[in-house]
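First up is the structure itself, then whatever we jot down about it.
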Amino acid sequence: SGEFHQRATTEASQATLASVSPVFAVMKLDKEGNATFFEKKKTELYQELGLQARDLRFQHLMSIATRNNRIIMRMEFLKAVITPEFLLVLDYRNLNLEHWLFNELTSQLAGEGQLVTYSLPFEFRAIEAILQYWISKLQGRLNTLQPQILETLEALVDPKLLSVDRSKLHILLQNGKSLSELETDLKVFKETILEILDEEELIEELCLSKWTDPQVFEESTSGIDHAEEMELLLENYYRQAEDLANEARELRVLIDDSESIIFINLDSHRNVMMRLNLQLTMGTFSLSLFGLIGVAFGMNLESSLEEDPRIFWLVTGIMFLGSGLIWRRLLSFLGRHLEPPLPPHVPAVLKKSQPAAGRVELKNNLKAETFGLSRSTLTNQ
């Protein structure tokens, strides 16, 4: 009775787990490019492939791993399992992904594409097709961002603009975020491939047919080394990703340099406005200073000066003339203290074209002349 109850409980728990197990929409492609579609639960799928449940745990990350003579590729939303006989694409129901699957991948696996691994086993073609798709996707993102960033920067760096267009800055901010995401994806892609290139055992494990097909194993040991071919294949796409990363890095440097230029232009215009404001303030101060004379004469005080008709013009002239003279003096003071200092004068005798001995002799002569001038100056004083 106890054994029957335990068996019933186990079957019920298994039935419960099977009912909540996710269902994959699977696209299966063979060596001839023939595609079949079906849906299968995760538990059934990993048991048929001889894998474990964690092998089909596809998070939104990037990795290439091998287990039980199977290659498991995670390219963010692209999830694939490669065997020596077929390729499984899981959860393929994506508009962009379906376009690539039906229009390109089937022909590439059938030998009608532009892959360089048609003379090698099937897993080479499958890996190259997926890596090529991912690199082309990253290249397309860079080709979309590059002209937008260059056009925005060209509009922002114009020195004739007294202010910055906020809409252009918003566009540049969005493009900068997209460029950062692209740089992150390229970095993860490079690190994923580099982890395999640094481990010779991992490269050997990627050559599935080498360990299952005796003919392929004999060819690999006597003629074409499949491990070397796999290493060259991965290095090729690592180099392409590195080139894309360099282009993205150049765009990032260009954005940083353009931001510096924009700040310099804004500072220059701000300095002009501050200088103008300072000049107007000094003019107002000068006029107000001599305006006190008019204030004094405008008071209700009796004197003999208001009876002379020439006093008005005399006082007015003194006010404007004094205000103008003080304003000019303030402007000259401002010019002396705000203009950058001149570079120090370098004597012509100290040029590099002269020989070393001549330079030493001239330097000693200059010291002697300077010492003589100082002594004569002290004597005169």
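The table that follows gives values for the structure above.
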quantity	calculated
Filter on LYS79/LYS187; LYS79/LYS137; LYS137/LYS190; LYS31/LYS187 - keep pairs with C-alpha separation over 26 Å	LYS31/LYS187
Heavy atoms of MET319 accessible to a 1.4 Å probe, total area in Å² rounded to 10	40
Relative packing of 130-136, 37-43, which averages over residues the other C-beta atoms within 10 Å, highest first	130-136, 37-43
Evaluated at q = 0.15, 0.17 Å⁻¹: base-10 log I(q)/I(0), Debye formula over Cα of segment 112-297	-0.93, -1.06
Segment 112-297 - accessible surface per residue (Å², probe 1.4 Å)	59
For peptides 137-143, 196-202, 236-242, sequence by mean Cβ density within 10 Å, most packed first	236-242, 137-143, 196-202
Inter-label distance, nm, simple model (7 Å from Cα along the C-beta direction), LYS40/ALA25	1.8
Residues of segment 22-107: accessible area per residue with a 1.4 Å probe, Å²	48
Convex hull of Cα atoms in segment 22-107, direction-averaged projection (nm²)	5.3
Cα coordinate range in segment 69-170, projected on the principal axes (Å, largest first)	66, 27, 23
At R0 = 45 Å, FRET efficiency that the Cβ-Cβ distance of HIS99 and VAL157 yields, to 0.05	0.75
Heavy-atom accessible area order for ASP213, ASP257, largest first, 1.4 Å probe	ASP257, ASP213
Fraction of accessible area attributable to carbon and sulfur, segment 112-297 (%, probe 1.4 Å)	56
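The values are calculated or read from the model by the stated rules, or taken from the named source; none is laboratory data. Computed from a prediction, not measured in an experiment: that's the story for all the values here. Here the Cβ is made from the backbone with ideal geometry for all residues, glycine too, and neighbour counts use every protein chain on show. The accessibility values were calculated without ligands, DNA or RNA, using every heavy atom of the protein model including side chains. Shrake-Rupley method; radii C 1.70, N 1.55, O 1.52, S 1.80 Å.
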